[in-house]
Structure formats: structure tokens, C-alpha cells
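Here's the structure we're looking at; comments come further down.
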Amino acid sequence: YDAVYIDSAAAAQLRHLVQSEQILDGMPGGVVMMSLENSIIWANRRFQEWATAEDVVGMGFYAALGHPEILGPDFCPFHTALATGKASCSTLRVEEHRYYQTHAAPVFDESGNPTCLIVTVRDVSDEMLQQQKLEAIHLAGVELSNLTPEEVFHMEVGERIELLKSNIV
């Protein structure tokens, strides 16, 4: 083509579209548009940074993240979102200490049929690790409370602390 003519209304829509993509690229979380076959149509910059592949377009969502473990509560969030027409959430463990929370929501056409999925991805690693630490402390306290009063009485304060530490670890 030598030239393309765009009237002022179309130019405004095009400008709005470019601004929207810039906003999505600047978000701290990942945003992905997926086809009904669960392949990635578009992904923002943050998701591209988290992915194991350089270009994720055309890949499956889980393959792009290196086949993470699905922790639930929904073990098929994309299928659930498409089947129910409602958003679905799940948590993924990507590495030993890396966790992502996904939120999948279907997009519908004028006749109410799903056309694609929008998936938001949030890094919840810090929250998950904190929760695991609190659970370990709680379990260590429970194990310590299983001791009889006589056993605790005969232990030095340092021994109690060391027992608690070893139970936490």
C-alpha cells in the first residue's frame, strides 16, 4: 500500500486501542487473551517476563509458564470459566518458591457465545511463603502442646526453644 486513509472517528478508536495496550503492558500483573482452544492470542509484557519462552503467542498457557503444578481450588479454571460463563480462579506453583494466582473470565459476543478468555495472573509468592511459615509455626506449637506438663517442666527454657525451632524447621 502507498497510503491508508483513516477518518477522525477511526483514528480516535485506534488511538484508544494503542493507549489500552500501553496500560495493560504497564500493569504489575500478567494479562493474557486466550483462544477457546487454550492457546495464547496476546500477552502483556509482565506475563512475557514470567514465561519460560521468548514469544508465548500460539503456545498453551501452562506450557508458557513451564507446566506449573495446579494447586486449586479449581483444577481446570479455563474449562470452568467457559462451561459456566463465570470467572474462575486457581493458584499455580511454577517453581519451588514461585506461586501465581490466575483469574480466568470469558468474553462473549453479541449472541452470548464465548469468543475468548481473559486471564489475569498475579504473583502471590510472598503471601504463600508467609502462609507456609505461619502454618509451620502453628504445627510446631501443636506438637509442643502434645508434651505432658511433666515433660515441659523438666525441660530447660533453652531446650523448649530448641524443640520449637526444630519443629518449625
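The values are calculated or read from the model by the stated rules, or taken from the named source; none is laboratory data. Treat the numbers as computed from the prediction; the structure is a model and nothing was measured. As a convention, Cβ positions derive from the backbone with ideal geometry for all residues, glycine included, and neighbour counts pool all protein chains shown. To get the accessible areas, we keep the full protein, side chains included, count just its heavy atoms, and leave off ligands, DNA and RNA. Shrake-Rupley method; radii C 1.70, N 1.55, O 1.52, S 1.80 Å.
Size check on region 99-139: the Cα extents along the three principal axes, sorted descending, read 53, 16, 8 Å. Modelled label positions at D74 and E95, each set 7 Å beyond Cα in the direction of Cβ, lie 2.8 nm from each other.
Our Cα-only numbers for region 77-150 put the radius of gyration and Dmax at 19.8, 73 Å. Karplus-derived 3J(HN,Hα) values for region 31-37, using 6.51 cos²θ - 1.76 cosθ + 1.60 with θ = phi - 60°, are 10, 9, 9, 10, 6, 5, 8 Hz; glycine and proline are entered as x.
Length gained on full extension, E54 to E37, computed as 0.36 nm times the residue gap minus the Cα-Cα distance: 4.0 nm. For H67, the solvent-accessible surface computed with a 1.4 Å probe is close to 140 Å², ligands and nucleic acids excluded.
Hey, what does the equivalent ellipsoid look like for region 35-137, semi-axes from the Cα gyration tensor as sqrt of 5 times each eigenvalue, largest first, whole Å?
On the way: eigenvalues 134, 58, 20 Å².
Semi-axes (√(5λ), whole Å): 26, 17, 10.
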